[in-house]
Structures are given as structure tokens and as C-alpha cells.
1. Hey, can you tell me all the residues within segment B:114-149 that are among the small types (Gly, Ala, Ser) and over 30 Å from A:ALA115 (Cβ atoms)?
2. Restricting segment A:57-95 to residues that are over 21 Å from the mean Cα position of the chain (by Cα) and aliphatic (A, V, I, L, M), which is nearest to B:SER145 (Cα to Cα)?
3. For residues in segment A:131-149 being of a type outside the set (Lys, Arg) and touching a Ser or Thr at 6+ places or on another chain (Cβ under 7 Å), which is surrounded by the fewest Cβ atoms within 10 Å (Cβ to Cβ)?
4. Are any of the residues in segment A:64-74 in a helix (DSSP H, G or I) and either in contact with a Lys or Arg (Cβ under 7 Å, 6 or more places away or on another chain) or modelled with pLDDT of 95 or more (or both)?
5. Could you give every pair whose Cβ atoms fall below 6 Å, whose first residue belongs to segment A:50-70 and is within 15 Å of B:ARG125 (Cβ to Cβ), and whose second residue is surrounded by 10 or more Cβ atoms within 10 Å (Cβ to Cβ), counting only separations of at least 6 or pairs across chains?
6. When you check A:PHE128 against the structure, is it aromatic (Phe, Trp, Tyr), closer than 24 Å to B:GLU78 by Cα and surrounded by 15 or more Cβ atoms within 10 Å (Cβ to Cβ), yes or no?
7. Tell me whether segment B:137-159 contains one or more residues that are at pLDDT below 95 and aliphatic (A, V, I, L, M).
Amino acid sequence: MAAALRLAAKGCWAAGPRPAVLQGPLVTQWTRAVFTSPSVAALKSQSAEDYWAKNKRLRRPVSPHLTIYKPQITSMLSITHRGTGLALSALVSGLGIGMVVLPGSYPHYLAMIQAMQFGGGIIMGAKFLIALPFMFHLCNGVRHLVWDLGYGFTLRALYKSGYLVVAVSVVLAAIAAAM
Amino acid sequence: MAGLLALRGLSRNCGVASRFGALRLNGLYRVTSRPLLPATCTQALPPSQQLLATSLVRSTAPEIEQAGHDHVLHWTAERILTLVLMGVIPAAFVWPTPSLEYFMALSLTLHSHWGVEAIVVDYIRPSVFGKIIPKLAVGAVYALSIATLGGLCYFIYTDVGIVNAVKLLWKL
């Protein structure tokens, strides 16, 4: 018991000096732990070289990933969520920045589109194509929030919720296109 | 802080109650954590100090180390904003007042900004693009979001407004 305590107090000399965070009485250590965070430099000093730099230096090839992995509903819906978000963001930015840069007013450009006299089917199709990314992003976003609450991580639930999101998105977009 | 890091690491491994309730992982996956101090050193310590020592673990992705700050607040803010946005957009369509329009423009731009920033940070990485370009890219995202918000506010003030824009477009 006494030997163990002495060993603990001295630390493990073979591994070099103990970091500051493990020195001193326990109360001091706990106080230090609560009010400081291990610095990035301290963590990195364990191995000085960056992961990427090291592997580049050793000229190691990267294993194939996107080119070989089978597309699955999990990954496809995930990237579609990102893609629809990006597209919607481009739409919003386009509207905001475009209406500042362009000379005319919004009704002016609407009238221009109206003058092109597209058929009812084309207009409905265009509305569907605009509504679909929005509805998908909305439905999949709800799916994300459900995950954030901690539910639905089993494989069955993932696949079921995934298919449900796709179905609901299409239905909502169709309703929007009909309005 | 190290204790908090340990707690967060623990909650990724087992079903510890997180802020939003217990994580129902059912032991689906584990995050391996490698202690930075050699095991021979930590075994000589009493158990309370061992817990402190093993909390200095390195996450498997080195890039995470570069974010020296806590991400949890930002993550939580993102989720709250999502909920707010899901309420504001229908509300603005039902009660088309200017204040709701401006608030919707702000929420929309912030949500879109955080999303695009995440995309840029994910793909325009230092290991691929070097040191300068990723920083410029993130700066460009900020510029884009500021320009978008400014443009939307201008549009609401001088032109028909976002809700009317959608309604008029849909009337075509």
C-alpha cells in the first residue's frame, strides 16, 4: 500500500515527467481539470507530425471509397439532404442578391415569364421541381431532429423512415404543385 | 474540462443520458479511444487519478483537435433555429406582416449560412487545398450570407417581399 502510494507520488519515471495536469494533490488536479482544457499543443506533442503529412510523406495510396461503396438509402438520402439544402440556399441567395443586382422589379420579371406563355403542364412540372427539394429537405430535416432526440437508429427504423420521407416528400410536392 | 471531455466520450460509447434524453444506441457501435499516456504509467496511479489520465484521449480525426472550442452550443443553436424556421415559414404565409418577413429572412439566411459553411468546411479541407484556400472559402461563405441577408431585406423593403414573391410565382 505504502509502496503503491510512493509509486503514485513519484509517477512513472520511465515514461518521462508527468504532465502538469497530473501533478500535485488531487484537489489541485481536479480544480485544474475543471478550469483548463488540455491544450492542442499538449495533445499533439505525443506525436508531432500531422496524420495527412505523415501519410503523404510515406506516399501511401488512399483506399477507394466513393467509387466502390454500394449506394444505399442511408447514404443517398443523406447526400440528397445536403444537395437539396445547397440548392435551396442557392435559390434564396439568388433571389436576394439577384433582385439587388438586376435593374427591374420582381413583378416585371414575372411578367416576362408569363409572356413566354408556357403550357399548364410545364408550369405544373416546374412547380413540382421547385417544391420537391423543399419538401424533401423539410421531411428529412424532421427525420434528423428525431435522430437528435435519440430515436430511430436501428437499421429497420432507418430504412422505414427513409422510405417514408421520400414518399411524403413526393406527395407534399405534388399537392404544392397542384395549388 | 477534461472531465467534460471524458463524459462526452463516454456518452458516445454507452447509453448515458445526454441533454436531449438517453441515446438509444443499443450497443450498435463503439468509438475506440486511445489513451495518450502509456498504460504502465497510469496503472501505477490510484483509480481516481487513472480516470483523469484516461480522459486525455485523442479523437480519431486530427482535424477535430484544431477546433479548440466546444461545438455543443453551436450544434444546439442549429437545432433550435431549425425548429424556429419550421414555425416561422408557415406563420409568415398565414400572417404576412413585415416583421415576420424580416424574421423569416434572418432565420432562413442563418440556417442556410450554417449549412453551406458545414459543406465548405467538410470538402474544402487543408489536406487537399493547402492552408490558405479553406480559410478564403469560409470567408466567401460569410460574404455570401451577408450579401443574401442584405439582398433579402432590400427585397422586402422595396419590392413585394418573400411571401408575396412565392404567392405571385405560384399564381402563374
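The values are calculated or read from the model by the stated rules, or taken from the named source; none is laboratory data. Quick caveat, the model's predicted, so the values are computed rather than measured. Every residue, glycine as well, gets a Cβ built from its backbone with ideal geometry; the counts of neighbours run over all protein chains shown.
1. B:GLY115, B:ALA118, B:SER127, B:GLY130, B:ALA137, B:GLY139, B:ALA140, B:ALA143, B:SER145
2. Among residues in segment A:57-95 that are over 21 Å from the mean Cα position of the chain (by Cα) and aliphatic (A, V, I, L, M), the one nearest to B:SER145 (Cα to Cα) is A:LEU95.
3. Per the stated criteria, the residue is A:LEU145.
4. yes
5. Close Cβ pairs (under 6 Å, with a partner that is surrounded by 10 or more Cβ atoms within 10 Å (Cβ to Cβ)) amount to A:TYR51/B:PRO62; A:TRP52/B:SER127.
6. It is false that A:PHE128 is aromatic (Phe, Trp, Tyr), closer than 24 Å to B:GLU78 by Cα and surrounded by 15 or more Cβ atoms within 10 Å (Cβ to Cβ).
7. No, segment B:137-159 contains no residue that is at pLDDT below 95 and aliphatic (A, V, I, L, M).
Quick grid of which residues meet (1) facing chain A (nearest Cβ under 10 Å); (2) surrounded by fewer than 16 Cβ atoms within 10 Å (Cβ to Cβ); (3) assigned to a helix (DSSP H, G or I); (4) among the acidic types (Asp, Glu):
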{"residue": "B:LEU108", "(1), (2), (3), (4)": "yes, no, yes, no"}
{"residue": "B:HIS111", "(1), (2), (3), (4)": "yes, no, yes, no"}
{"residue": "B:SER127", "(1), (2), (3), (4)": "yes, yes, yes, no"}
{"residue": "B:TYR142", "(1), (2), (3), (4)": "no, yes, yes, no"}
{"residue": "B:SER145", "(1), (2), (3), (4)": "yes, no, yes, no"}
{"residue": "B:GLY151", "(1), (2), (3), (4)": "yes, no, yes, no"}
{"residue": "B:TYR154", "(1), (2), (3), (4)": "yes, yes, yes, no"}
